[in-house]
Amino acid sequence: MTTPPPDLAEHAADSVEQAKAVIEYCYDQGWTDGLPVVPATRSGVEQFLATTDRGAEEIIGSAPHLGRSITVAQAAANAIMAGCKPEYFPVVLAAWEAVNLERSARGAWQSTSGPSPLIVVNGPVRISLEINYQGGVFGPGFRANATIARAIGLIVRNGYGIRPQELEQATQGLPGRWSVCLGENEELSPWEPFSVVGGVDPGVDAVSAVLIRTCEYVDNRGTDSPEAVLADFADTLARLGAYVGGAHSSGGLVLGPEHAQLFGRHGYSRGDVQQWLFEHAVRDHADLVAAGKADAPVSEPAQAGTSFPMMPSATDIPILVAGAANAAMSMVFRPFGWAPWSGRSVPVAWSRALTEV
Amino acid sequence: MFDSIIDPTLGRAADPDRGRAALAARPASLSGLRLGLLANTKRNAEQFLAEVGMLLTERHGVTTVVARKKPDITSTAPEPILDDLRAWCDVVVVGVGDCGSCSASAVADGIILEQSGLPAVVVCTDAFTASADAMAGLRGAPGYRYLTVPHPMANLTPDGVRERAAAAVPGIVGMLTRRAMAAAP
């Protein structure tokens with residue numbers, strides 16, 4: 001059922017009623033993700049385009065099998081609708097590029113797995129745009145985090161025409177789809193920024209992205225032993241339910257600052273944590289048999305009587321730090337598909353006009 | 001009304017996504033024709049199509065069978081594979097659309113082959129008709145008909161695959177030979 005056309009004569013004198021009517025119009029066009037959108041106008045798009053040196057008609061994504069491609073101007077329109085401010089737009093473009101570096105991205109938006117980008121922002125831009133990296137970092141409550149992530153979802157929906165229960169075939173999807181954009185808590189991390197792992201110089205604004213199927217918390221406040229906490233992580237990383245067949249499962253960590261600092265105090269580098277987890281997140285072949293997964297549709301990872309690592313490799317366990325230092329808890333996230341994180345972060349490119357001001 | 005709002009679904013004006021696909025003319029029967037099988041990498045897809053090929057040869061007079069497998073379930077078949085099918089086949093069976101993206105891309109393969117003049121039947125499991133229909137609309141063939149088989153296909157035993165193929169053959173023959181295949185207006 002569609003809403004009757006707004007009676008403009010009735011509302012002509014009331015700008016608030018007008019605004020409501022515009023929001024309803026956008027719903028009726030099928031342009032929203034279920035929440036209200038901000039209408040995009042030509043002047044709005046021009047404001048957004050002024051923040052980047054990329055051309056309005058430049059193609060920044062294509063889905064040849066759908067006969068669709070996405071332009072910079074179209075991304076701007078969708079970022080406006082998501083509620084972004086113009087100055088967020090270079091971050092949205094970098095996030096889009098980072099998402100598209102993921103090898104699993106191409107089929108992801110139509111997949112029954114229904115994955116969502118985990119977007120990570122590093123650098124001073126976290127401060128200038130007020131991108132939350134502290135308490136409640138998974139949201140909601142912070143405009144930049146919420147709208148940058150939402151913009152990516154609207155670009156997929158409106159740009160590619162991939163809508164739920166049509167071309168999008170997510171069986172259940174996941175909580176927080178199109179809403180997870182984190183700043184890294186570089187200030188409380190014992191290690192170099194995540195974007196430096198991704199190949200970008202320290203101090204440079206950069207965005208990284210991993211497609212994930214969900215996040216699972218690990219709450220461990222009872223010990224000062226880094227190995228005990230690591231064992232707790234390894235248990236969750238090796239969870240059988242997350243294994244979908246193939247040579248291995250997948251996993252990464254958003255460490256709360258307390259866990260990160262515990263590792264740091266005991267001399268663990270990021271690489272040490274990755275190596276420990278790779279070695280200890282293992283399962284016996286018998287566990288797969290018990291769960292009915294030894295004969296999964298794709299090849300099984302080990303022979304009867306043996307154990308095998310559930311993580312693809314040590315370096316394929318992405319680890320970053322975010323949240324508040326007020327309790328020792330962290331989040332395990334699950335990269336989608338068998339392809340690990342691209343390992344590449346994308347620098348945020350500001351327009352020359354902006355950087356010269 | 002609200003003319004100043006920008007439509008966020010519109011990219012470049014030249015996007016070829018809103019055309020109308022023409023479908024191929026149908027033969028009266030399959031007797032004496034060359035059959036193509038276009039499989040994807042979903043489990044049991046090749047086995048299902050191979051069984052269909054055997055049954056169409058035994059019972060419906062198909063003379064040769066050319067089997068190809070595309071490497072990527074999300075995308076349409078690569079041009080060299082499509083060229084092989086165009087060169088060596090008179091009719092094609094495509095399958096099996098058994099996931100969100102592969103059902104849509106199987107329908108896209110079918111429509112591409114139809115546009116080359118090859119009658120094609122696309123086989124999808126019945127869990128993914130929404131995705132298949134959406135792709136047909138996007139490809140300019142709204143209402144494009146494909147054959148549905150019960151979901152799922154991936155967990156069937158070899159005997160189960162053979163049964164499923166035998167049950168699908170009458171529908172496949174009908175859709176390759178029936179004139180009513182054309183897209184809805």
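Filter the stretch B:1-56 for residues that are part of a loop (DSSP other than H, G, I, E, B), touching a Ser or Thr at 6+ places or on another chain (Cβ under 7 Å) and within 13 Å of chain A (Cβ to nearest Cβ); which is modelled with the lowest pLDDT?
For the stretch B:1-56, the residue satisfying everything is B:ASP15.
Say whether the condition of being crowded, with 21+ Cβ neighbours inside 10 Å, more than 11 Å from chain A (Cβ to nearest Cβ) and assigned to a helix (DSSP H, G or I) is met by at least one residue in the stretch B:92-103.
Scanning the stretch B:92-103 turns up no residue that is crowded, with 21+ Cβ neighbours inside 10 Å, more than 11 Å from chain A (Cβ to nearest Cβ) and assigned to a helix (DSSP H, G or I).
Could you list, in sequence order, all residues of the stretch A:45-76 that are among the hydroxyl-bearing types (Ser, Thr, Tyr) and over 21 Å from A:LEU354 (Cα atoms)?
A:SER62, A:SER69, A:THR71
Criterion first (small (Gly, Ala, Ser), more than 30 Å from A:PRO164 (Cα to Cα), surrounded by fewer than 19 Cβ atoms within 10 Å (Cβ to Cβ) and free of Cβ contacts under 8 Å to residues at least 24 places away in the same chain) does B:ALA67 satisfy it?
Answer is no for this residue.
Looking only at the stretch B:108-127, which residues are facing another protein chain (nearest Cβ under 10 Å) and either surrounded by 24 or more Cβ atoms within 10 Å (Cβ to Cβ) or in a strand (DSSP E or B) (or both)?
The answer is B:ALA108, B:ASP109.
Which of the numbered conditions does A:GLY246 fail, given that it passes all the others? Conditions: (1) part of a loop (DSSP other than H, G, I, E, B); (2) closer than 18 Å to A:SER330 by Cα; (3) of a type outside the set (Val, Ile, Thr).
(2)
Among A:TRP191, A:TRP178, which is the only one that is open to solvent by 20 Å² or more (accessible area, probe 1.4 Å), within 21 Å of A:GLY61 (Cα to Cα) and more than 13 Å from every other protein chain (Cβ to nearest Cβ)?
Going through A:TRP191, A:TRP178 in turn, just one is open to solvent by 20 Å² or more (accessible area, probe 1.4 Å), within 21 Å of A:GLY61 (Cα to Cα) and more than 13 Å from every other protein chain (Cβ to nearest Cβ): A:TRP178.
Go through the stretch A:196-234 residue by residue and tally those that are touching a helix residue (DSSP H, G or I) at 6+ places or on another chain (Cβ under 9 Å) and outside any strand (DSSP E or B).
19
Residues in the stretch A:45-76 that are small (Gly, Ala, Ser), under 18 Å from A:SER351 (Cβ atoms) and without any contact (Cβ under 8 Å) to a residue 40 or more places away in the chain: how many?
Counting residues in the stretch A:45-76 that are small (Gly, Ala, Ser), under 18 Å from A:SER351 (Cβ atoms) and without any contact (Cβ under 8 Å) to a residue 40 or more places away in the chain gives 4.
Is it the case that A:GLY343 is surrounded by fewer than 16 Cβ atoms within 10 Å (Cβ to Cβ), at pLDDT 90 or above and either among the β-branched types (Val, Ile, Thr) or within 19 Å of the chain's Cα centre (by Cα) (or both)?
yes
Would you confirm, using the coordinates I've provided, whether A:VAL137 is assigned to a helix (DSSP H, G or I), away from chain B (no Cβ under 14 Å), open to solvent by less than 40 Å² (accessible area, probe 1.4 Å) and within 25 Å of A:ARG265 (Cα to Cα)?
Taking the combined requirement at face value, the residue does not satisfy it.
Among the residues that make up the stretch A:20-28, is at least one of them open to solvent by 40 Å² or more (accessible area, probe 1.4 Å), of a type outside the set (A, V, I, L, M, F, W, C) and assigned to a loop (DSSP other than H, G, I, E, B)?
No: zero hits.
Specify the residue that is farthest from B:LEU138 (Cα to Cα); the eligible residues are those in the stretch A:135-194 that are touching a Gly at 6+ places or on another chain (Cβ under 8 Å), modelled with pLDDT under 95 and small (Gly, Ala, Ser).
Going through the qualifying residues, I end up with A:GLY139.
Kindly indicate whether A:GLY245 is closer than 21 Å to A:ALA339 by Cβ, buried (at least 19 other Cβ atoms within 10 Å of the Cβ) and not hydroxyl-bearing (Ser, Thr, Tyr).
Judged against the criteria, A:GLY245 is not a match.
Is one or more of the residues making up the stretch A:261-283 within 30 Å of B:MET153 (Cβ to Cβ) and either without any contact (Cβ under 8 Å) to a residue 60 or more places away in the chain or touching a Phe, Trp or Tyr at 6+ places or on another chain (Cβ under 8 Å) (or both)?
Within the stretch A:261-283 (the criterion being within 30 Å of B:MET153 (Cβ to Cβ) and either without any contact (Cβ under 8 Å) to a residue 60 or more places away in the chain or touching a Phe, Trp or Tyr at 6+ places or on another chain (Cβ under 8 Å) (or both)), the answer is yes, since at least one residue qualifies.
Just checking, which of B:ALA87, B:ALA77, B:ALA132, B:ALA136 is small (Gly, Ala, Ser), open to solvent by less than 40 Å² (accessible area, probe 1.4 Å) and either closer than 18 Å to B:ALA24 by Cα or more than 14 Å from chain A (Cβ to nearest Cβ) (or both)?
B:ALA136
Please verify whether A:LEU93 is closer than 26 Å to A:GLN165 by Cα and more than 10 Å from chain B (Cβ to nearest Cβ), treating the condition exactly as stated.
no
Please list, ordered by first then second residue, the pairs with beta carbon atoms under 6 Å, 6 or more apart or interchain, first in the stretch A:162-191 and within 17 Å of A:LEU66 (Cβ to Cβ), second of a type in the set (Val, Ile, Thr) and at pLDDT 95 or above.
Sorted first by the residue in the stretch A:162-191, then by its partner, the pairs are A:ILE162/A:VAL156.
So, restricting to strands (runs of 3 or more DSSP E) that lie completely within the stretch A:261-355, which ones have at least 2 residues that are closer than 30 Å to A:TRP96 by Cβ?
A:319-321, A:329-335
Filter the helices (runs of 4 or more DSSP H) completely within the stretch A:34-101 down to those with at least 1 residues that are surrounded by fewer than 19 Cβ atoms within 10 Å (Cβ to Cβ).
The qualifying helices (runs of 4 or more DSSP H) are A:42-49, A:89-101.
Just to be sure I understand, how many residues within the stretch B:149-185 are closer than 24 Å to B:SER31 by Cα and either out of contact with any Lys or Arg (no Cβ under 6 Å at 6 or more places or on another chain) or at pLDDT below 85 (or both)?
So the answer is 20.
Inspect the stretch B:157-168 for any residue being surrounded by fewer than 18 Cβ atoms within 10 Å (Cβ to Cβ) and hydrophobic (A, V, I, L, M, F, W, C) and give the result as yes or no.
Within the stretch B:157-168, one or more residues are surrounded by fewer than 18 Cβ atoms within 10 Å (Cβ to Cβ) and hydrophobic (A, V, I, L, M, F, W, C).
Just wondering, is there one or more residues in the stretch B:44-57 that are in contact (Cβ under 8 Å) with a residue 24 or more places away in the chain, over 24 Å from A:GLN110 (Cβ atoms), surrounded by 20 or more Cβ atoms within 10 Å (Cβ to Cβ) and under 15 Å from the mean Cα position of the chain (by Cα)?
Within the stretch B:44-57, one or more residues are in contact (Cβ under 8 Å) with a residue 24 or more places away in the chain, over 24 Å from A:GLN110 (Cβ atoms), surrounded by 20 or more Cβ atoms within 10 Å (Cβ to Cβ) and under 15 Å from the mean Cα position of the chain (by Cα).
Look at the stretch A:122-160 and say how many of its residues are in contact with a Cys (Cβ under 8 Å, 6 or more places away or on another chain) and closer than 17 Å to A:ASN100 by Cβ.
Within the stretch A:122-160, residues that are in contact with a Cys (Cβ under 8 Å, 6 or more places away or on another chain) and closer than 17 Å to A:ASN100 by Cβ number 3.
The values are calculated or read from the model by the stated rules, or taken from the named source; none is laboratory data. This is a predicted model, so every value here is computed, not measured. Ideal geometry is used to build each Cβ from the backbone, glycine not excepted, and the neighbour counts take in all protein chains shown. What goes into the accessible areas is simple: the full protein's heavy atoms, side chains included, and nothing from ligands, DNA or RNA. Shrake-Rupley method; radii C 1.70, N 1.55, O 1.52, S 1.80 Å.
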